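The structure appears below as C-alpha cells.
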Amino acid sequence: MAVDLSGSDPLIGALLSRFALPFRGYDMRYHYGVMSDAQRFVVNAPITGAVSTPATVVLNAPLP
C-alpha cells in the first residue's frame, strides 16, 4: 500500500495498492524486504506451477 504526500503541510492522498502477493502462513514479517532505495521490494513468493519437494528430518540418529 502507498499514499502520495504533497505540500509543505503534508496532504495525504488516496491509499493505493501497489501489487498483490500470495502470502503463505501466518507470519508475514519474513515474506518481503524493502531495498535501500525504498523503490524496490524483494519478495519470497511461490512460483506459479512449481511442485514442492518433500523434506525428510531424521531425529535421534545413531552417531557413527
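The values are calculated or read from the model by the stated rules, or taken from the named source; none is laboratory data. Model, not experiment: these values are computed from the prediction. Reconstructed Cβ throughout: ideal geometry from the backbone, glycine too, with neighbour counts over all protein chains shown.
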**Asked** How about the stretch 20-35: which of its residues are within 11 Å of the chain's Cα centre (by Cα), exposed (fewer than 10 other Cβ atoms within 10 Å of the Cβ) and either in a loop (DSSP other than H, G, I, E, B) or modelled with pLDDT of 80 or more (or both)?
**Response** Ala20, Pro22, Asp27
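Kindly provide the set of residues from the stretch 36-64 that are under 13 Å from the mean Cα position of the chain (by Cα) and farther than 30 Å from Asp4 by Cβ, ordered by number. Walk me through it before giving the result.
The initial filter retains those residues of the stretch 36-64 that are under 13 Å from the mean Cα position of the chain (by Cα), namely 40-46.
If the condition is that a residue be under 13 Å from the mean Cα position of the chain (by Cα) and farther than 30 Å from Asp4 by Cβ, then Pro46 is the only one that fits.
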**Message:** Yes or no: the stretch 47-59 includes at least one residue that is surrounded by 10 or more Cβ atoms within 10 Å (Cβ to Cβ) and at pLDDT below 80.
**Reply:** no
